[in-house]
Amino acid sequence: MTRAGRHALVLAAGAGRRFGGNKLTALWRGEPLILAALRTALAARVERVTVVTGARAPALGSVLSTIDDPRLQRVVAQDWHEGLAASLRAGVASLPSNAQGAVIFLGDMPLIPEGLADHLLDAVAGGAPAARVRSPEGPAHPVAFAAAVFPDLVALEGDRGARSVVDGLGDAVASIDSDDAGVRFDIDLPSDLDNATAGRPT
């Protein structure tokens, strides 16, 4: 199965202020948290995985240098302080002109099931402008977009993600159902990390 034109972005530019800083390099099951999301992205059938760093670029760069995979690349969002939109803009702008679709992971979501990204990208390849995960509790992650939607992502501003773009596409968005708790679980506070490490994601 081809990987050509299929990409993954891992957004990891924030300062993690609510966590107290250094969230993505905090230990998760014995290794830096960012590596869990990164490995799930690398397990996908994609041509390239781009990690968007910002506030903690040097520290994350040291962690990422431990991964030996030619598909991995890094991009720094210089305006990371603006919020999530800056990470999206930097990541999408870094994609090659022949990119056909991209799936977006958040660096603080370590329990996304492997294989889910491929289903989302398949839906995009089949003609959907975007594809999202739908859990019993509501919208979840990751989310994939076709290249035709990239300009809308690059136009985002402020501390918001791509939800407004997805909502604007209405019924054209493909949905992949999942009852895995990992599609909604993220690390926000140190207590989340403690609970998750103990195997009790909520």
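The values are calculated or read from the model by the stated rules, or taken from the named source; none is laboratory data. Note that this is a predicted model, so its numbers are computed, not measured. All Cβ positions, glycine included, derive from the backbone under ideal geometry; neighbour counts span all protein chains shown. Only protein heavy atoms, including side chains, enter the accessible area calculation; ligands, DNA and RNA are left aside. Shrake-Rupley method; radii C 1.70, N 1.55, O 1.52, S 1.80 Å.
Only one entry of Ala37, Ala43 meets the criterion of being at pLDDT 95 or above and in contact with a Phe, Trp or Tyr (Cβ under 7 Å, 6 or more places away or on another chain), and that entry is Ala37. Of the strands (runs of 3 or more DSSP E) contained entirely in the range 1-98, those carrying at least 2 residues that are in contact (Cβ under 8 Å) with a residue 40 or more places away in the chain and aliphatic (A, V, I, L, M) fall at 6-12, 48-53.
So that you can scan it fast, the table gives a plain yes or no per residue for (1) touching a Phe, Trp or Tyr at 6+ places or on another chain (Cβ under 8 Å); (2) at pLDDT below 95; (3) small (Gly, Ala, Ser):
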site	(1), (2), (3)
Arg3	no, yes, no
Arg6	no, no, no
Arg17	no, yes, no
Glu82	no, yes, no
Ala85	no, yes, yes
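Examine the range 145-156 for a residue that is of a type in the set (Asp, Glu) and at pLDDT below 95, and state whether such a residue exists. No, there is no match, as no residue in the range 145-156 is of a type in the set (Asp, Glu) and at pLDDT below 95. Test Thr53 against the stated conditions and say whether it is at pLDDT 95 or above, open to solvent by less than 20 Å² (accessible area, probe 1.4 Å) and touching a Leu at 6+ places or on another chain (Cβ under 6 Å). Here the answer is yes, as Thr53 does meet what is asked. The set of residues in the range 61-82 being surrounded by fewer than 14 Cβ atoms within 10 Å (Cβ to Cβ) and of a type in the set (Val, Ile, Thr) consists of Thr66 alone.
Among the residues of the range 34-50, those that are open to solvent by less than 30 Å² (accessible area, probe 1.4 Å) and within 13 Å of the chain's Cα centre (by Cα) comprise Ile34, Leu35, Ala36, Ala37, Leu38, Thr40, Ala41, Leu42, Ala44, Val49, Thr50.
When the test is whether a residue is buried (at least 18 other Cβ atoms within 10 Å of the Cβ), in contact with a Lys or Arg (Cβ under 8 Å, 6 or more places away or on another chain) and at pLDDT 95 or above, Ala90 does not pass it. For the range 1-18, a tally of residues being out of contact with any Lys or Arg (no Cβ under 6 Å at 6 or more places or on another chain) and surrounded by 20 or more Cβ atoms within 10 Å (Cβ to Cβ) returns 8.
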